[in-house]
Amino acid sequence: MCLAEQGPLDWLVPFIPPVLRVNCETRAKIKCKVAHLVSKETVRSIGFEILACWRYLAVFSVIFSVWMAGLFYIYDNEREFAMAYIITSGFALIGCHLLIGDEGRSSGISAYSVFNRGTLRMMGSLSAEQFENEIRHRNPENSNPHLIAEVTQEHHDELNDEGDIELVAAIKLSLQEYKRADRRIRRTSHRRE
């Protein structure tokens, strides 16, 4: 590779992980993309998009300017309330979005529709009606015979634990330790009084 093909930062290549390294072809693709982004057609299309929604941009820029002026005023005069101003503004923004947020974007693209074009039902998902029907007509006693067998076996095991000598000894030992701790607590509380 001759010096003319090297970029000014090629000396950093050994320090860049192999996954992020750029070769000549990808460098050419990047230059082509950048040239496309700054082309007259792209700038015109962005300009037309901005002109289409200039009212919203003007309103939001005025609101943002007033908010920033309020923040600077509070920060200059009462610094301890600046963080409260930001937090209160955040809550107000959330409340405003909850009250009028869906009305403005009823025909637009939602976050869900980006991943699910046409809002098709995903495989395995239940509709509200199907879910409600499942809840209404479910019989918990007969729903899963293996689960019922496990529960009855556990109940049977609990009833038959009385014959287990090691378990009874462990329970007695833990009760004795609990009583000792309780006595210590009572002694120390009487001494303090």
FRET E, pair ILE165, ARG186, Förster distance 41 Å, beta-carbon r, rounded to 0.05: 0.80
One finds, for ALA58 and SER125 with R0 = 35 angstrom and r their Cβ-Cβ distance, a FRET efficiency to the nearest 0.05 of 0.25
Net length gained if the chain between TRP11 and LEU175 were fully extended (0.36 nm per residue, minus Cα distance): 51.8 nm
Separation of the ASN77 and LYS29 label points, Cα + 7 Å toward Cβ, nm: 5.6 nm
Classify segment 32-88 as rounded, prolate or oblate from the Cα gyration tensor: take a ≥ b ≥ c as the square roots of its eigenvalues, call it rounded if a/c is under 1.5, otherwise prolate when a/b beats b/c and oblate if not. prolate
For TYR85 and ILE100 in one chain, what is 0.36 nm times their gap in residues minus the Cα-Cα distance, to one decimal in nm? 3.2 nm
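Every number in this text was worked out from the coordinates using simple rules, so none of it is lab data. As the structure is a prediction and not an experimental result, all values here were calculated from the model. Cβ atoms come from the backbone with ideal geometry, glycine included; neighbour counts cover every protein chain shown.
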